[in-house]
Amino acid sequence: MRATVRDEMTEAVMAYEEKPREQWLFDYPAQVALSCTQIWWTTEVGIAFARVEEGYENAMKEYHKKQVTQLNTLVTMLIGQLSKGDRQKIMTICTIDVHARDVVAKMIAQKVDNAQAFIWLSQLRHRWSDEERHCFANICDAQFLYSYEYLGNTPRLVITPLTDR
């Protein structure tokens with residue numbers, strides 16, 4: 001089972017940019033879609049930081065606008081006809097996306113311009129290694145191999161400043 005989840009994640013990470021996110025997420029099981037959206041959040045924030053360091057001051061603000069657009073699209077989808085499983089998957093992704101949006105907004109408000117800032121490093125960041133074909137979870141200076149254990153399609157705890165600690 002773990003090998004299957006890992007194989008699905010490998011395919012999903014590579015396919016993420018091939019079609020709009022709101023279509024892509026229907027191609028994969030909930031756990032894979034959720035994990036890969038977290039991997040891509042980490043990747044896209046990293047790209048925004050790189051652009052800031054290159055002198056493009058508005059890179060993080062532009063990424064934040066993209067996040068808001070993505071969330072609005074998911075909310076619109078929730079209003080429509082969905083299977084029970086797809087509705088749960090999208091609600092769960094929304095929960096994680098709201099937290100991701102808030103983290104980026106806080107970094108903008110605090111004028112964070114470096115990927116080594118604690119506010120960023122203290123986040124749970126999923127990362128995909130092409131060389132190892134594995135997902136890693138990073139927080140601060142710790143790194144853990146994602147175990148691909150079955151998590152199912154269940155709601156996630158709403159992330160607040162208190163639960164974020």
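The values are calculated or read from the model by the stated rules, or taken from the named source; none is laboratory data. In this text, all values refer to a predicted model and were calculated from it rather than measured experimentally. Positions of Cβ are backbone-derived with ideal geometry, glycine not excepted, and every protein chain shown enters the neighbour counts. What goes into the accessible areas is simple: the full protein's heavy atoms, side chains included, and nothing from ligands, DNA or RNA. Shrake-Rupley method; radii C 1.70, N 1.55, O 1.52, S 1.80 Å.
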Among L124, C140, G85 the positive-end extreme of the charge dipole of the chain (Cβ point charges): G85
When only C-alpha pairs under 8 Å and at least 6 residues apart count, what is the relative contact order of the stretch 1-145, in percent? 23 percent
Round to the nearest 10 and give me the degree value, 0 to 90, for the angle of helix 2-15's Cα axis relative to the longest principal axis of the chain. 60 degrees
Provide the gained length on full extension for the span N58 to L145, in nm with one decimal, where the gain is 0.36 nm per separating residue minus the Cα-Cα distance. 28.0 nm
The chain: calculated mean residue ellipticity at 222 nm from DSSP helix runs of at least 4, using -39500 (n - 2.57): -19000 deg cm²/dmol
Quick one: order I90, I139 from most to least accessible surface, probe 1.4 Å. I139, I90
Where a Cα-Cα gap under 28 Å defines reach, which lysines qualify for K61, not counting those fewer than 8 residues away within the same chain? K19, K89, K106, K111
How do the peptides 20-29, 72-81, 124-133 rank, highest first, by the average count of neighbouring beta carbon atoms within 10 Å per residue? 20-29, 124-133, 72-81
Suppose a student asked you for the relative contact order of the stretch 88-151, using Cα pairs under 8 Å spaced at least 6 residues apart; what percent would you report? 18 percent
What share of Cα pairs, in percent, lie more than 19 angstrom apart in the chain? 57 percent
Distance-filtered residues of the stretch 1-40 - backbone nitrogen under 17 Å, label point 7 angstrom along A115 Cα→Cβ: 38-40
Can you tell me the 0 to 90 degree angle between the C-alpha axis of helix 30-53 and the longest principal axis of the chain, rounded to 10? 20 degrees
